[in-house]
Amino acid sequence: MTATGAAAAGSAAAGSAAALTEPTAPVRAKWVTLLVLADLGVWMAFFTPIQVLLPRQIAAIDPGHKEAMLGLVTGIGALVAVVVNPVAGALSDRTTFGVRGRAFGRRHAWTLGGALIGALALVMLAGQHTITGVILGWVLAQACFNAMLATLTAAVPDRVPVAQRGAVSGWVGIPQILGLVLGVVLVTVVMTAGGDSEGTAGGYVAVAVAVALLAVPFTLATPDDPLPRAHRAPLRPRALLAGLWLSPRQHPDFAWVWITRFLVQLGNALGTLYLLYFLRDKVGHPHPEDGLLVLILVYAAGLTATTVVAGRRSDRTGRRKVFVVWAGIVMAGAALLLAGWPTWTGAVVAAAVLGGGYGVYVAVDAALITQVLPEASDRAKDLGVINIANSAPQVLGPALAAPIVVYLGGYPVLYALTAVVTLLGSVFVLRIRAVP
């Protein structure tokens, strides 16, 4: 029996609970648009601090050790994400919330709460002037936004039928880069208007306002099926934590999906963490923050050009793996361009190639993942486990990248390793059996 078949069987056993049934009705453009806006907010909140605000804030606090301190801050934040994302997903799977006899859905409260409290965390982070304060602020922000991400990610298998998931995943993939583009543009304008410290603080506040405003429409204007109490799994801390482990022997396709996602995201972490410093110290760009914005725009154009097209093509053919493999090959090629051609022109070309490859990957791999989830009752938790493969590389990436950049050959070695890891991640997808 395929994973999709198993999920359908589990849904049938669950009775008439709409929250646990396999979706069959196609979602409409309004629902997709509001989900994309909510995703745009959460990715702005993740990527804009990592790419611009944290590097600038940390460089002002400790310029002599900025690489190590940035790795420390982002690594600790990612470690928090590794824990919070699946736990929040598991809790949302069990949420039965109601007021005065009216039952509400199990996802939206977590999405909205994560957005609002996370926005407050960014405002707090704006006022920090020590590395310890930055760590505490970023940890709180990561916890909130990962709770938000866990429930937004579950929206696709909750409501989108399999035959539409490639296209929807393509649209949902666009905010991953568009959030960074808009975030960088937003904070760059704010930073230009203020001084160094005032501009950085204003950038955090601007992102906080954006993530809160973008999350509200999805949570108020889209359905969120309630979970009847009769179908709620017992909430026992030990059982909840034990449920985060899915046996590779019992669920081999899920295990291979996790491994491939981990390797590709590790390559992504290695390749992007020090991009601002790469432009400044290796390429010698006279205005590295402006250069970073140009690279992000080029990357975004490549991603936007391929992601929805690849997702729809994958839906029509019913094939997923071949798209993922070729996407990995293209992304590895982009990393090799940075390793062997560390110039501004080389960086621009690499950004375009990387964007095109990642656009295909983000749409098709996301659809593939939803087809190997073991149980309909644990969608958010299982996707949270998958999201560990997104977050854990942010912990491991700095630990690998920092010594390579400083002691073991610098940026050429770093980007060569990025290419190898990314290529392995794409090739291993061939081990998945339930999805063509």
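Read the figures in this text as sums done on the coordinates, not as results from a lab. Here the structure is a predicted model, which means the values were calculated and not measured. Cβ coordinates were reconstructed from backbone atoms using ideal geometry, including for glycine residues, and neighbour counts include every protein chain displayed.
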> How do D281, D93, D365, D225 rank when sorted from fewest to most other Cβ atoms within 10 Å of their own Cβ?
Replying inline: D281, D225, D365, D93
>> Between V348 and V322, what is the label-point separation in nm under the 7 Å Cα-to-beta-carbon projection?
In response: 3.5
> Taking the structure as given and computing Cα extents along the principal axes in Å, which label from [x] 71, 66, 45; [y] 63, 46, 40; [z] 65, 59, 46 fits?
Replying inline: [y]
>> Under the 0.36 nm per residue contour assumption, what length would be gained going from the current alpha-carbon distance of V294 and A221 to full extension?
In response: 22.8 nm
> By how many nm would the segment from L120 to L430 grow when fully extended, if each residue of separation counts as 0.36 nm and the alpha-carbon distance is taken off?
Replying inline: 107.3 nm
>> Taking 0.36 nm per residue of sequence separation and subtracting the Cα-Cα distance, how much length would be gained by fully extending the chain between A109 and A230, in nm to one decimal?
In response: 41.5 nm
> What are the aspartates and glutamates whose alpha-carbon lies under 18 Å from the alpha-carbon of K282, with same-chain residues fewer than 8 places away excluded?
Replying inline: E67, D290
> Mean residue ellipticity at 222 nm from the helices of the chain, using -39,500 (n - 2.57) per DSSP H segment of n ≥ 4 over the full residue count, to the nearest 500 deg cm²/dmol?
Replying inline: -25500 deg cm²/dmol
>> Which order do the peptides 168-175, 404-411 come out in when sorted by mean C-beta neighbours inside 10 angstrom, highest first?
In response: 168-175, 404-411
> From largest to smallest, what semi-axes in whole angstrom does the stretch 101-191 give when each is the square root of 5 times an eigenvalue of its alpha carbon gyration tensor?
Replying inline: 29, 20, 10
>> Using Cα-Cα distances under 8 Å and only pairs 6 or more residues apart, what relative contact order does the chain have, in percent?
In response: 28
> Counting only the backbone N, which residues of the stretch 153-167 are under 16 Å from the spot 7 Å out from the Cα of R312 toward its beta-carbon?
Replying inline: 163-167
